[in-house]
Amino acid sequence: MGGIGWQGPFASGDTVGQHSMPIPTSEIQCLANTRETAQAIKGMHIRKATKYLKDVTLQKQCVPFRRYNGGVGRCAQAKQWGWTQGRWPKKSAEFLLHMLKNAESNAELKGLDVDSLVIEHIQVNKAPKMRRRTYRAHGRIIPYMSPPCHIEMILTEKEQIVPKPEEEVAQKKKISQKKLKKQKLMARE
């Protein structure tokens, strides 16, 4: 779980607003599962994302596999996402849940309103592969690579939606320029 510096468009600290909070990148060993899980929680409220990830670990809700879906079986829980293929990546869900809890405590320390935090940006990038080897028949040795990834996340306070006023102001009807000139002429006289 070592940290790596910021990558991509959020590299400089001044691009992150006053009501946003960047989370340092982390490493986890399964790229495809983590990418699909991250896309599922992107744009969610922090409380909703936490509940969703807990449900994924308990296999009550699935993660839709849209890009890395070769050989992924179908499940009925993916219908709510408008998809057919889905899985329950427990390790990725637990890791992202850990990151969200860390982000929540960081937001409290920074003085942000935790109840209004939204996952604005989450990105999963490939990391350098870890090289191991395994022994095969007839004295051969083949590589045994792991696909790690870096995760970066930005949480932002969601602005409160201002309700419309109860009494609506009557809109002015559009008047043609010809009638407008006529009214101005009548006003002068």
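Quote the Stokes-Einstein diffusion coefficient, in whole µm² s⁻¹, for region 23-89, based on the Kirkwood radius over alpha carbon pairs, a temperature of 20 °C and a viscosity of 1.002 mPa s.
173 µm²/s
So the label point goes 7 Å from the Cα of T134 along Cα→C-beta, right? Which residues of region 27-58 then have their backbone N under 18 Å from it?
Residues 29-32 fall inside that zone.
Taking 25 °C and 0.890 mPa s as the conditions, I'd like the Stokes-Einstein D for region 117-176 in µm²/s, using the Kirkwood hydrodynamic radius from alpha carbon pairs.
For these conditions, the coefficient is 135 µm²/s.
Please give the contour-minus-distance gain from I161 to K101: 0.36 nm per residue of separation, less the Cα-Cα distance, rounded to one decimal in nm.
Result for the pair: 19.0 nm of gain on full extension.
Step through the table entries K54/K129; K42/K110; K54/K164; K79/K101; K79/K164, compare each Cα-Cα distance with 32 Å, and write down the pairs that go over it. Write down the numbers at each step before the final one.
On the way: K54/K129 29 Å; K42/K110 22 Å; K54/K164 36 Å; K79/K101 28 Å; K79/K164 35 Å.
Distance filter (> 32 Å) returns K54/K164; K79/K164.
If packing is taken as the average number of other Cβ atoms within 10 Å across a peptide's residues, how do 98-110, 175-187, 138-150 rank, most packed first?
Ranking the peptides 98-110, 175-187, 138-150 by packing returns 98-110, 138-150, 175-187.
Compute the semi-axes of the equivalent ellipsoid of region 8-161, taking the square root of 5 times each eigenvalue of the Cα gyration tensor, and list them largest first in whole Å. Before the final figure, lay out the partial values.
Details: eigenvalues 196, 88, 31 Å².
Semi-axis lengths for region 8-161 are 31, 21, 12 Å.
What's the FRET efficiency of R47 with Y68 using the Cβ-Cβ distance as r and R₀ = 30 Å, to the nearest 0.05?
0.65
Bear in mind these aren't lab numbers, they're just calculated from the coordinates by the rules spelled out. Owing to the predicted nature of the structure, the values given are computational and were not obtained by experimental measurement. Methodologically, a virtual Cβ is constructed for each residue, glycine included, from the backbone with ideal geometry; neighbour enumeration extends over all protein chains shown.
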